[in-house]
Amino acid sequence: MKIYYFSGWFEEIKNAYDSGFDGILFATGIENADFVKVARCIDKYKDFTYMIAIRPYLISPQYLSFLCNSLDEISPGSIEINLISGWPKEHEKEYGGVIGEVNDLSSSIDKSNYLIKFLDVFNAMKGLKLPKLFVSTTNKFTFEAAKKHDQNVILPYSRYISGEYDINNSKTIVSIGPIFKDDSENTIHANNSDSTMFTKKQFADFLDDLSSKGFYGVLIYETNAEKKVLKFIKEYKDLKFGGK
């Protein structure tokens, strides 16, 4: 099972790799990841995955494939795409530069519908090598669209534990932001959100459970400034596998 680190910053690549993560997800945004920056960071000698978040209304399915195929020539299999409906930061909403009916100011329903159309066109393309795609599924409509095309999904922890979706474990990444409590405390699932309290042992057991059930991966994000997630995964990997 792959363990991804969610970070918008390129300087975290080395920290994530050294801590035992298998890949990193870059948030989309004006000041965040683009394909040129990612290309400059790829280390073809490391077994590490670079996942790029994309708002579908900013790029065509065909050009997305072109870009990913170019990066694949640098390091085969190291690039993955996270397709998200689009949650721009407040300061990004007035940039403009998007041609079409859907843009950063559109409603969440319009953005979800556009993502669904994007998936239809993406999967209908002929003669192109398609990048590995993971669809962020925050509602049943985008989930069903991904399932229709047998696409991989990123499922929030709260949706995972609710059991509301009929998921294919081998095509699913569960996203979560653990809040670590002292191991002597017996606390878990403090709330039904994606930032959830665990002891270190409970979170290790949670990862083991996902792995035993055949999940493709888990996407972990920090909930504090102390980089506790980085430290935990290093400890977890060192204990379980003797390091990376």
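The values are calculated or read from the model by the stated rules, or taken from the named source; none is laboratory data. From a predicted model like this one, the values you see are computed outputs, not experimental measurements. Neighbour counts are summed over all protein chains in view; Cβ atoms, including those assigned to glycine, are modelled from backbone coordinates with ideal geometry.
If you scan the stretch 16-32, which residues turn out to be modelled with pLDDT under 90 and either in contact with a Leu (Cβ under 9 Å, 6 or more places away or on another chain) or polar (S, T, N, Q) (or both)? Answer for the stretch 16-32, where residues must be modelled with pLDDT under 90 and either in contact with a Leu (Cβ under 9 Å, 6 or more places away or on another chain) or polar (S, T, N, Q) (or both): Thr28, Asn32.
Just one of (1) among the hydroxyl-bearing types (Ser, Thr, Tyr); (2) under 16 Å from the mean Cα position of the chain (by Cα); (3) at pLDDT 90 or above fails for Thr138. It is (3). So, of the residues in the stretch 102-150 that are in contact (Cβ under 8 Å) with a residue 24 or more places away in the chain, part of a loop (DSSP other than H, G, I, E, B) and aliphatic (A, V, I, L, M), which turns out to be nearest to Thr28 (Cα to Cα)? Step by step, filter the stretch 102-150, then rank; the result is Val102. Considering only the stretch 208-218, I want to know if a residue exists there that is modelled with pLDDT under 95, among the β-branched types (Val, Ile, Thr) and under 18 Å from the mean Cα position of the chain (by Cα). For the stretch 208-218, residues modelled with pLDDT under 95, among the β-branched types (Val, Ile, Thr) and under 18 Å from the mean Cα position of the chain (by Cα): absent. Out of the residues in the stretch 208-218 that are part of a helix (DSSP H, G or I) and of a type outside the set (A, V, I, L, M), which is surrounded by the most Cβ atoms within 10 Å (Cβ to Cβ)? For the stretch 208-218, the residue satisfying everything is Ser211.
Checking Ile154 against (1) in a helix (DSSP H, G or I); (2) surrounded by 22 or more Cβ atoms within 10 Å (Cβ to Cβ), only one condition comes out false. Which one? Here Ile154 clears every test but (1).
Restricting the stretch 219-229 to residues that are surrounded by fewer than 20 Cβ atoms within 10 Å (Cβ to Cβ) and closer than 13 Å to Pro178 by Cβ, the residue that is nearest to the chain's Cα centre (by Cα) is Tyr221. Restricting attention to the stretch 75-109, and to residues there that are over 16 Å from Ile59 (Cα atoms), modelled with pLDDT of 90 or more and not small (Gly, Ala, Ser), which single residue is farthest from the chain's Cα centre (by Cα)? Ranking the candidates gives Ile109 first. Output the residue which, of all residues in the stretch 182-207 that are at pLDDT below 80 and closer than 22 Å to Lys237 by Cβ, is surrounded by the fewest Cβ atoms within 10 Å (Cβ to Cβ). Filtering first and then ranking leaves Asp182.
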